[in-house]
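What follows is one structure encoded as C-alpha cells, with my remarks underneath.
Just so you know, all these numbers are worked out from the coordinates, no wet-lab data involved. Since we're looking at a predicted model, the values are computed, not measured. Note that each Cβ is placed from the backbone with ideal geometry, even for glycine, and that neighbours are counted across all protein chains shown.
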Amino acid sequence: MDFLPLFTDLRNKPCLLIGGGQVALRKARLLCKAGAKLRLVAHDILPELSTLCLNAGGECIRGDYGDHLLDDVFLVIAATDDHNLNSRVSAACHSRQIPVNVVDSPDLCSVILPAIIDRSPLMIAVSSGGKSPVLARMMRSRLEASIPAAYGRLANLVGQFRDAVKTRFADIEDRRHFWEHTLQGPVAEMVFAGNEKAAATMLDDAIKKGTVDAGGEVYLIGAGPGDPDLMTFKALRLLQRADVVLYDRLVAPAIVDMCRKDAERVYVGKARSDHAVPQQDINMLLVKYAKDGKKVARLKGGDPFIFGRGGEEIEELAEQNIPFQVVPGITAAAGCASYAGIPLTHRDYAQSVRFVTGHLKDHSINLPWDELVKPAQTVVFYMGLVGLPTICEKMMEFGRSEDTPIAVVQQGTTPDQKVVVATLATMVEVLKEKPVQAPTLIIVGEVVKLREKLAWYEKYDLASTSI
C-alpha cells in the first residue's frame, strides 16, 4: 500500500490553500464542505473562489506564499502550476510534518485526495495513489451508479440506534448478525422507499424483540425490453438480494445472470397459447416461496403493469398479506421505439399515443378500431404479430389510409433487433420476404416516416466513438 486511506475531521481546522484558479476552486469546495477554516493565498484569485472562502469564514491573502503561513495549519494543498513553488511548499510541510497535497504531483505529496462518493455520513473514497486520477474518477462513477443516495439516510438511522443495539446485544457476534439482517432487510427497504419514520419503528421493535423479521417478500421487477443497461438501479439491487428468481420468456438471459449466483432460478416463460407454467400456478409459486421466508424476484419483460399481468400477480400477494414491491421497467413501446429511431410523439405528426394489446385473453383482437384510426395519433400494438393481417385490414376498413406507415420491431434494444417498415396495405406481403420472429412490437402512424433519418442504433459504431 502506497497510501493508507484515512478520513480526517477538518471541522474548524485551519487549512492553507495555495493557488487562485479553477483547480484551487475545486479543492476549496471540498475543504469548505468538510467544514475547514480556509486560508487562501495567491496573487490572482477567481471572484467565485474569493466569495466561497469568505462566506465560509476564511481569509484571502493576495500576494506571495511564505513559510510563516504554515504556522498552526492542519493541512496544506498546493494548487498552482509553478513547479518550483509547489516543491518549496512540499519541502517546508515535510520538514514540519504537516500533511500536504500537491495537485498532480504525487511525488511531492504526503496525502492524496481521493475521488469521493458522498452519501453522508457514509463516505466512499477511491484513489490510485496519484498514478491515474482519471481511472479513479471512472471507478467513482461506477460506484455512484450502484449505491443509492438513500444509503446516507440509512446510515443516519442506524447511528441513532447504535447504543440501544449495543445494550441489547452484549455479544459482538450477535450485534454483527443483527446489523447484517437489518441492513439487508425490510428496515433498509423502508428507508429506501422514503419512509424513515416507519423504518425507525420497525428497528425499535426488532431491538426489543432481539431479532429482525426475516419474512418473505416479493419484488415484481420490470426487466425492460432486452438491453441489460436499461435496468434501473433499484431493479438490479433487489434482483441481487433475491433468494429465488422467477423469470419469463421475454427476459434476456444477460439480465437473469445478474442475480446472485446462489439464487434459485425458476423459468415460468409464456408464449402465445404455450404457457410453461399457467398464470395461476405462477401466482401460487410466489405465495409459496414468500411464505417459506424467501426473498422472491419476479422478473417480467418490459414494465410489469403494461400488458405484463403484474396486477394479477400482486392481487394474490395482497390477499395473502405478503409484502411486495413493484419496480417499474422501461416498457417495450418506449424502448423499442427509441432504438428503432421512431419517436412515439412528434409535434408535426402525432400528439398522442395509444398502447394496445393485439392478443386478448380470449385470443381475439376485438378492439375499438374507430378510436385507433383517429389522426395525429400513434398506435403501438403489443403481441400483435399473429394478428397483424387483421390489424392492417381493420385499420384500413375503419378509415386509416392504406399508405399509413407501419413498423414491425423484432427483439428491440438487443443485438438481434430487426425493423421492417412498410404501409398498412403492403406490410403483410413485405413480411413474407422479410420474416420476423416474436417478440415483436408494431408501431402504426406517421411518426414511422422519421425512422429513415433517426435510426441511430443500427448505425452506432462503438469503436468509432472518441473518449
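What's the extension gain from Ala164 to Leu183 if we count 0.36 nm per residue and subtract their Cα-Cα distance?
Values: separation 19, 0.36 × 19 = 6.84 nm, distance 1.59 nm.
Gain in length upon complete extension: 5.3 nm.
If we count trypsin sites (Lys or Arg not before Pro) as exposed when they sit in a DSSP loop and have at most 10 other beta carbons within 10 Å, what is the longest stretch of the chain that avoids them all?
Result for the longest clean stretch: 12-260.
What does the extension gain come out to for Asp71 and Asn156, with contour length at 0.36 nm per residue minus their alpha carbon separation? Intermediate results must be reported in sequence, preceding the final value.
Details: separation 85, 0.36 × 85 = 30.60 nm, distance 3.62 nm.
So the chain would gain 27.0 nm between Asp71 and Asn156.
According to a simple spin-label model (label point 7 Å from Cα along Cα-to-Cβ), what is the distance in nm between Asp82 and Leu143?
Between Leu143 and Asp82, the label points sit 3.5 nm apart.
Do the sum for the chain: with -39,500 (n - 2.57) for every DSSP H run of n ≥ 4, divided by all residues, what is the mean residue ellipticity at 222 nm, to the nearest 500 deg cm²/dmol?
So the helix-based figure for the chain works out to -10500 deg cm²/dmol.
Mind giving me the FRET efficiency for Glu452 and Ala200? R0 is 60 Å, r the Cβ-Cβ distance, nearest 0.05 is fine. Mind showing how you got there, number by number?
Numbers: r = 57 Å, r/R0 = 0.95.
Taking R0 as 60 Å, the efficiency between Glu452 and Ala200 is 0.60.
If you place +1 on the Cβ of every Lys and Arg and -1 on the Cβ of every Asp and Glu, how big does the dipole about the Cα centre of the chain come out, in debye to the nearest 20? Display every interim value, and only then the final one.
Numbers: 54 positive and 57 negative charges, 133 e Å.
That gives the chain a dipole magnitude of about 640 debye.
How many nm separate the modelled label positions at Glu59 and Lys434, each set 7 Å beyond the Cα in the direction of the Cβ?
About 7.5 nm separates the two model spin labels.
Take every Cα pair under 8 Å in the range 129-218 that's 6+ residues apart, average their separations, divide by the length, and report that relative contact order as a whole percent.
Value for the range 129-218: 29 percent.
Calculate one ³J(HN,Hα) per residue across the range 73-82 by plugging θ = phi - 60° into the Karplus curve 6.51 cos²θ - 1.76 cosθ + 1.60, and present them in order as whole Hz with x for glycine and proline.
With coefficients 6.51, -1.76 and 1.60, one gets 8, 8, 8, 10, 10, 9, 10, 10, 9, 9 Hz.
What three numbers, in Å, describe the spread of the alpha carbons of the range 312-467 along their principal axes, ordered from the longest?
Principal extents (Cα only, largest first): 52, 51, 33 Å.
List the GluC sites (Glu not before Pro) within the range 367-467 that fall in a DSSP loop (any state other than H, G, I, E or B) and whose Cβ has at most 16 other Cβ atoms within 10 Å.
Glu402
Identify which of the listed values of semi-axes √(5λ) of the Cα gyration tensor in Å was calculated from the structure shown: [x] 55, 33, 18; [y] 31, 27, 20; [z] 36, 22, 21.
After the calculation, the listed value that fits is [x].
Of all DSSP beta bridges in the chain, what percent run antiparallel (nearest 5)?
Percentage antiparallel, nearest 5: 40.
Specify which residue in the list Val111, Val419, Gly66 is farthest towards the positive end of the charge dipole of the chain, using unit charges on the beta carbon of Lys, Arg (+1) and Asp, Glu (-1), about the Cα centre.
Of the listed residues, the answer is Gly66.
Would you work out the relative contact order for the range 234-344, in percent, from Cα pairs under 8 angstrom that are 6 or more residues apart?
Once normalised by length, the contact order is 26 percent.
Roughly speaking, what is the stretch gain from Glu393 to Asp281, that is 0.36 nm per residue apart minus the C-alpha to C-alpha distance, in nm to one decimal?
Extra length from Glu393 to Asp281 when fully extended: 36.7 nm.
So what are the ³J(HN,Hα) numbers for the range 184-200, from phi and the Karplus equation (6.51, -1.76, 1.60; θ = phi - 60°), rounded to whole Hz, Gly and Pro as x?
10, x, x, 4, 5, 5, 5, 5, 4, 7, x, 10, 5, 5, 5, 4, 5
Of Gly159, His177, Val100, whose Cα points farthest to the positive end of the dipole of the range 94-182 (charges on the beta-carbon: +1 Lys, Arg; -1 Asp, Glu; origin at the Cα centre)?
My answer, from the dipole projection, is Gly159.
Spelling out what I want: for every residue of the range 394-399, take phi, set θ = phi - 60°, compute 6.51 cos²θ - 1.76 cosθ + 1.60 (Karplus), and round to whole Hz; glycine and proline get x.
Ordered by residue, 3J(HN,Hα) equals 5, 5, 6, 4, 8, x Hz.
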